[in-house]
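The values are calculated or read from the model by the stated rules, or taken from the named source; none is laboratory data. This one's a predicted model, so the numbers in the text were calculated from it and none came from an experiment. Heads up, the Cβs are rebuilt from the backbone with ideal geometry, glycines too, and the neighbour counts pull from every protein chain shown.
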Amino acid sequence: MKILDADKLPDLAAVLAAAGYRVVAPVRDGAQVRMAEWKPGLAIDAGPIPANSVKEFLFPRCEVIARYSLDGDSFAPQPAPVDAPKTAVLAVRPCDAAAMVALDKVFNWEYRDDAWNARREATTLVALVCAAADDECFCTSVGGAPDARLGADAVLRCADGASKFILEALGEKGQALLAAAAGVLADGDARPDPPASVPVRFDSKAVTDWCGENFESPLWRDLGLACLGCGSCAYACPVCHCFDIQDEGTRSEAVRLRNWDTCGLALFTQHSGGHNPRPDQAARWRQRVMHKFRYFVERFGGLACTGCGRCARLCPARLAISQVCREIDEARKAAAK
Amino acid sequence: MAQTETKTAEAAAAFQPRIVAFVCNWCTYAGADLAGTSRLRYPPNVRIIKLPCTGRIDPLFILKAFEGGADAVLVSGCHPGDCHYTSGNYHARRRWALFRRLLDLTGIDERRLFFSWVSAAEGQKFADLVADITEKVRAAGPLEPANPARRRL
Amino acid sequence: MSTSEAIRADAARLLAEGRAKLVIGYRARGPHRAPAFVSDPAGVDVLIYDNLCKQNLAVYLRKPEVRSRGPVAVVAPPAVMRSLVVLAAESQLTEATVLAVGPDAYHGVLDLAGAAALLKEKYADLAPSPELLEALAKLDAMSPQERARFWTDQFAKCTRCYACRAACPLCYCARCIVEKNVPQWISTAAAQHGNFAWQIIRAFHQAGRCTLCGACEAACPQGIPLMLLNLALSEEVAKQFGEKPGYDPAAKPVIGSWKPDDDQGFVR
Amino acid sequence: MARIGVFICHCGENIARTVDCAAVAAAAAKMPGVVHSADYKYMCSDPGQQMIRQAIAEKKLTGAVVGACSPRMHEPTFRRAAAEAGLNPYLLEMANLREHCSWVHEDRAAATAKAIDLVRVMVEKVKRNRSLYPIRVPIEPTALVVGGGIAGIQAALDIAGGGKKVILVERGPSIGGHMARLSETFPTLDCSQCILTPRMVEAASHPNITLMTYSEVEAVEGFVGNFQVTIRRKAKYVDWSKCTGCGDCWAKCPARKIPSEFDARLGARTAIYRPFPQAVPNKPVIDREHCIMLTKGKCGACAKACQRGAVNFKDQDELVKVKVGAVVLATGFDLWDHSAYGEYGAGKFADVIDGFQFERLASASGPTGGEIRRPSDGQVPRTVVFIQCCGSRDEKVGKAYCSKICCMYTAKHGMLYKHKVHDGRAIVFYMDIRAAGKGYEEFIRRAVEADGVEYVRGRVSRIYRRTDGKLIVRGADTLAGRAVTVEADMVVLADAVVPRSGGEKLAQLFGVGYDTDGFYSEAHPKLRPVETAAAGVFLAGACQSPKDIPDSVAQASAAAAKVLGLFARPELEREPVVARVNENTCVHCRACIQACPYGAVEDHEIRDRKGHLVRTVARVNEGLCQGCGTCVAICRSGCIDLEGFTDEQVFSEIATLE
């Protein structure tokens, strides 16, 4: 058993950095803890659930996917190599790790997305078993768990009353990482701490079924009232993956960009002729729930939600998808009786 | 020490700042014309973009110039009371007063953003202004790499 | 009667009398406060008010979904009332019904003029928090390069989710300038230039209008200290032009009006 | 796809000496969208222009950039050439390679590099230029003249003489203005009424002039060429179509002690009255504030006296709408109320009078029949002190300006007094004598030398009344350096000339600016002294600044010439550089409406087919827009754009400098 003292996460990061990894870890930034590129001297705070998900290190908010040089009236394509540095993500949450597996499906569906795959290949996810959860967490309602291993290449687990971590490799990438980190890991024994307890808040199967029958429902209208129509939830979500393609240029070069986008914004479905098939926030909220709990299931056989709760934590209007699902579940149960 | 100073001075002299100027048609553009007809000399670092009035100058113009790598921006129009459109420059003055505070706070300080009144009769003032600004920006050095507005992709 | 109870009583009366078809207030969601939309007098029990209620509910009065419901009453602390006054000055609304709450008092149901009068009488000096003032002073004391670095780091976090815009009652444009693509003044890229331009213009478009309610910063999922920008501009507006938005429904726009003796010490 | 032609001018050696023109043309040839690039010694010459025309035709150019001198020099030349070749003139732009480049730089490499940049900027701009066409606005060839003083009368007569219709609006019951009140005029001392009344009659009888006295402008809509003006015709209570002006009514009016405005309160009038015997129209009105019938409900003496039954106590104000193409404001002036000067008796001494009161005392038609008798006791004053600059040039009372006419009329007053009271003393206290005008200095000399008016340079510090009625005038003689005390029988104050009351409201109706003193602002202090910032609204007379009669008449004729020039064509052609609102995205925050210096941005209601209001947006009135673009920069959501300087154009200009 590989053991690391609880306060030695920076040492682990340092040794991995020395071994050529770009290290991403939860670090404190003002009032938040954020997943960020670790730099020597930075403390690692594995306590709170980070405000951002690990998604942006595999699927950047803004990525150059093509490049052209311009000369007079002619242009010439230029290489736009995928930026896929060898990366170790420390203390990634099980919900985030599971989300990457969902995204693998999307990015290898009808089209193999080289950029995603290259970064996925280059990234080692070191999951952290959640020792605590808050009232927005609901991984257990969507098939996950605080100690789930789906998507992780290695697992960190608190032990001996949070004084130690146990680090365990789950595959080749994990073993390579453990090998690179050998210098800071000790062999020994420790008693794993119990994982956080996350109550099951709703039956996701019931939500999937309900969604199939309730494209029209007063629920959507009520949800639409409070929603402000920003992209906070989707951009915080580890599974949301919609993007927009934009071209930008200067006199001498042009780039094609892939930017995050979201169904929460009114412009997402705005047609150039002026018509918008999702004319209001109610329609957009419906899309959000439907996509996560119905369409994704139909297409990929799993949910597009891993229960991290970030959307609810960060929503300016404090809307929570878990609560919506719970209402749906309860309404369905009530109807069944 | 002396060597370093020489080097710095040389580097400063070699640095050709890029300055974008937004000027109104009726006063400063005409003032720049007068500098020309009077055969005054000033450094060739300024590129003038002509607008009808300073009232037309949107802060977006200034941001765009910095985004494109300008080392400094000059905005110039008619003296108060002389606006061809009576009050475009008064509107502009308010806009600038606030916008410069915002840019200063975010790291583009007063060595990068200049405002002036140059009338159609002030060819000499225009020449002196451009010479002085160029010198000041040269002394301040390139805005890069600290330009927070610079395009990076 | 507690403030919450008084709000419930007034809300129920407004709904019962038909003076409002919808009351927008606050409710509890776990330890948090969320907006509540009550259209039935029997449903007013969810309404509460305490010092955790921070969201600026004025933002909802611009939503078509809300407007289509008929007359709306809104639970309004001073920050919300000030936003309504600015909206009135900008011809975005002509009337309002507010359940006016102060930090330590409930002022009952007021119309727009009543809210403006109350603001002038009781809430004329709403000072920014000492922490915010100190943070701005600290920033001002830095060198320009340090400030550039500070903001470059902060803006680097921006994902362009536009929660700041969505949460602000004064960001009511039908088509935001960032969405205008001919020409695309502000890059859509969540990269340095796009983020800088977006954040600077967002703040600038609030100049002379912002009432420092804090909704944008509270909404930012990335914790970017937007209030530093807003405060700097508000201070400048007060200092240079003696203007304090959100008190006079007939006020002229600060940017869009002028005085012959506006300061021009910075103009050569 | 853009097909741009670039034409680089050497300007002889003027550009070519410092800028490598061939290199600029070569660089331009490689710029995106450029299909033709050439350089030539003199682009503005006939062969040069022919090169441009030929290239436009042969290469089917969609735009052209001429790199030459300042556009202020030759832009019209080259645009004309483009138009001759069939290219919309607004698709040609100039890069200023001479004034902004070759003439101000020495380093050939740097100047050439800059020249290439300047051309590139314009190439990028011109690619986004659109064909523009002059805006044509139909003109209603009727002028409105506001104010029936000498300036208004002159302007009306000149416009009417030019064959165009005029509506002359006067607030009082008669036209004539202040000039009708004057006794004699400087520097010729001809009788004011003798030269004025024929003009008044001519104005009233001119077939092209519609006279609207006892009327005021109530509301103004529209813009140059197309104003709709609402005029309030105040109730006269006399049906002028029946009235013959016989005078039976006012002879019977029992309210006889109303101070006469015309006689500067030195005489009295009745409640039904005509202001003076030569009034035009020579018909009475009833002053509703003083009429016993209208205030107390009983009397009716005038109605009984009128054999034609013209008196109608039920008369009402009437609002009349007129359509006019141009407006001349000639609202004139008032005298400042000197009661603000406590040291001059705060207006409480009956024998401390103003210039108009003296005019009336000196006038043969005045309350004293032209004898100089002081108001308090009707005695002939033996010593009269005249004080110049009363209020004028005194920042203490907020008037920094010189009233311009006082030096001259005070000299005239001194003279008139001396002509009538040969042994009397006329003493003038003055700060400076400003007698710039034809025959003016000579007139002053005549007052001093021929008529013995005594001039004391200095200010009067105090006037007080001794128990015997003498006014003790204490002042300084700064030339002699001593204090002076005069025992005067009457004092005449040359009060500052101030704009007519209510002038600011009128200016706001027409969108005309005014200065801190309330005088109307001309469009340019030197080059457009008759125009205002509001297109189609012109100024005449003292409403703009203090003026004497010849200056007022001259400006009135100038304003009339401007109006006739405007009316010379059936349509107004305007530069198409105007702002436009994207009404789809406008949210009607009204910032642009409040900011526009010309009031050219208006609320516009969008209605559905049934007439229901959908929403309100801003809309630019092309007739009023001058193209400054202030609204464009103020619009937060980028819903307004300015033709010729569109966001797209400016954006590409900036972007190309990266």
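Here's the yes/no breakdown for (1) within 7 Å of chain C (Cβ to nearest Cβ); (2) buried (at least 23 other Cβ atoms within 10 Å of the Cβ); (3) in contact with a strand residue (DSSP E or B) (Cβ under 9 Å, 6 or more places away or on another chain); (4) part of a helix (DSSP H, G or I):
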residue	(1), (2), (3), (4)
B:93	yes, yes, yes, yes
B:102	yes, no, no, yes
B:107	yes, yes, no, no
B:111	no, no, yes, no
B:130	no, yes, yes, yes
What number of residues in the range C:154-208 are under 17 Å from the mean Cα position of the chain (by Cα) and in contact (Cβ under 8 Å) with a residue 60 or more places away in the chain?
7
Of B:61, B:99, the only residue that is farther than 23 Å from residue C:136 by Cβ and of a type in the set (Phe, Trp, Tyr) is B:61
Of the residues in the range D:571-601, those that are under 24 Å from the mean Cα position of the chain (by Cα) and away from every other protein chain (no Cβ under 13 Å) number 4
Evaluate the following for residue D:249: is it in contact with a helix residue (DSSP H, G or I) (Cβ under 8 Å, 6 or more places away or on another chain), crowded, with 16+ Cβ neighbours inside 10 Å, more than 30 Å from residue D:620 (Cβ to Cβ) and of a type outside the set (D, E, K, R)?
yes
How many residues of the range B:113-128 are in contact with a Leu (Cβ under 8 Å, 6 or more places away or on another chain) and either assigned to a loop (DSSP other than H, G, I, E, B) or within 17 Å of residue C:229 (Cβ to Cβ) (or both)? The answer is 5
Inside the range C:53-155, counting only helices (runs of 4 or more DSSP H) that do not spill past its ends, which hold 1 or more residues that are surrounded by 14 or more Cβ atoms within 10 Å (Cβ to Cβ) and modelled with pLDDT of 95 or more?
C:78-89, C:112-122, C:130-140, C:144-155
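Would you mind stating whether residue D:451 is of a type in the set (Asp, Glu), closer than 20 Å to residue D:406 by Cβ and surrounded by fewer than 17 Cβ atoms within 10 Å (Cβ to Cβ)?
Working: of a type in the set (Asp, Glu): yes; closer than 20 Å to residue D:406 by Cβ: yes; surrounded by fewer than 17 Cβ atoms within 10 Å (Cβ to Cβ): yes.
Judged against the criteria, residue D:451 is a match.
Just checking, how many residues over the range D:130-164 are surrounded by fewer than 17 Cβ atoms within 10 Å (Cβ to Cβ) and either of a type in the set (Asp, Glu) or over 30 Å from residue D:83 (Cβ atoms) (or both)?
2
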Against the condition in contact with a strand residue (DSSP E or B) (Cβ under 6 Å, 6 or more places away or on another chain) and within 14 Å of chain B (Cβ to nearest Cβ), how does residue D:119 come out, does it pass?
yes
Flag if residue B:138 is assigned to a loop (DSSP other than H, G, I, E, B) and more than 22 Å from residue D:597 (Cα to Cα):
no
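How many of the residues making up the range D:472-530 are part of a loop (DSSP other than H, G, I, E, B) and not basic (Lys, Arg)? Spell out how you get there, then give the answer.
The initial filter retains those residues of the range D:472-530 that are part of a loop (DSSP other than H, G, I, E, B), namely D:478-481, D:489, D:496, D:500-502, D:511-513, D:515-519, D:521-523, D:525-527, D:529-530.
If we keep only those that are not basic (Lys, Arg) too, we end up with D:478-481, D:489, D:496, D:501-502, D:511-513, D:515-519, D:521-523, D:525, D:527, D:529-530.
So the count comes out to 23.
Here are D:82, D:25, D:68: which of them is buried (at least 19 other Cβ atoms within 10 Å of the Cβ), over 25 Å from residue A:252 (Cβ atoms), away from chain B (no Cβ under 14 Å) and modelled with pLDDT of 95 or more? Before the answer, list the steps.
Working: D:25 fails: over 25 Å from residue A:252 (Cβ atoms); D:68 fails: away from chain B (no Cβ under 14 Å).
Of D:82, D:25, D:68, the one residue that is buried (at least 19 other Cβ atoms within 10 Å of the Cβ), over 25 Å from residue A:252 (Cβ atoms), away from chain B (no Cβ under 14 Å) and modelled with pLDDT of 95 or more is D:82.
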Please pick out the residue among A:67, A:34, A:93 that is within 14 Å of chain C (Cβ to nearest Cβ) and closer than 20 Å to residue A:236 by Cβ.
A:34
May I ask you to say which residue of A:317, A:312, A:334 is more than 12 Å from chain C (Cβ to nearest Cβ) and either in a helix (DSSP H, G or I) or not charged (D, E, K, R) (or both)?
A:334
Given (1) in contact with a Ser or Thr (Cβ under 8 Å, 6 or more places away or on another chain); (2) more than 11 Å from chain C (Cβ to nearest Cβ); (3) aliphatic (A, V, I, L, M), where does residue A:234 come up short, assuming only one miss?
(2)
Applying the selection to the range D:634-643, what residues are more than 8 Å from every other protein chain (Cβ to nearest Cβ) and assigned to a loop (DSSP other than H, G, I, E, B)?
D:635, D:643
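What number of residues in the range D:606-633 are more than 11 Å from chain B (Cβ to nearest Cβ), of a type outside the set (Val, Ile, Thr) and either free of Cβ contacts under 8 Å to residues at least 12 places away in the same chain or assigned to a loop (DSSP other than H, G, I, E, B) (or both)? First the steps, then the outcome.
Step one: filter the range D:606-633 for residues more than 11 Å from chain B (Cβ to nearest Cβ), giving D:606-624.
So of that shortlist, the ones also of a type outside the set (Val, Ile, Thr) come out as D:607-613, D:615, D:618-619, D:621-624.
Now restrict to residues that are either free of Cβ contacts under 8 Å to residues at least 12 places away in the same chain or assigned to a loop (DSSP other than H, G, I, E, B) (or both): D:607-613, D:621-624.
Summing the residues that are more than 11 Å from chain B (Cβ to nearest Cβ), of a type outside the set (Val, Ile, Thr) and either free of Cβ contacts under 8 Å to residues at least 12 places away in the same chain or assigned to a loop (DSSP other than H, G, I, E, B) (or both) in the range D:606-633 gives 11.
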Quick one: how many residues across the range C:85-112 are touching a Leu at 6+ places or on another chain (Cβ under 9 Å), in contact (Cβ under 8 Å) with a residue 60 or more places away in the chain and of a type in the set (A, V, I, L, M)?
7
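Among the listed residues D:156, D:180, identify the single one that is away from chain B (no Cβ under 14 Å), closer than 30 Å to residue D:446 by Cα and assigned to a helix (DSSP H, G or I). Before you say what the answer is, go through the steps one by one.
Working: D:156 fails: closer than 30 Å to residue D:446 by Cα.
Just a single option satisfies the conditions, and that option is D:180.
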Can you spot a residue in the range A:316-334 that is touching a Lys or Arg at 6+ places or on another chain (Cβ under 8 Å) and surrounded by fewer than 16 Cβ atoms within 10 Å (Cβ to Cβ)?
no
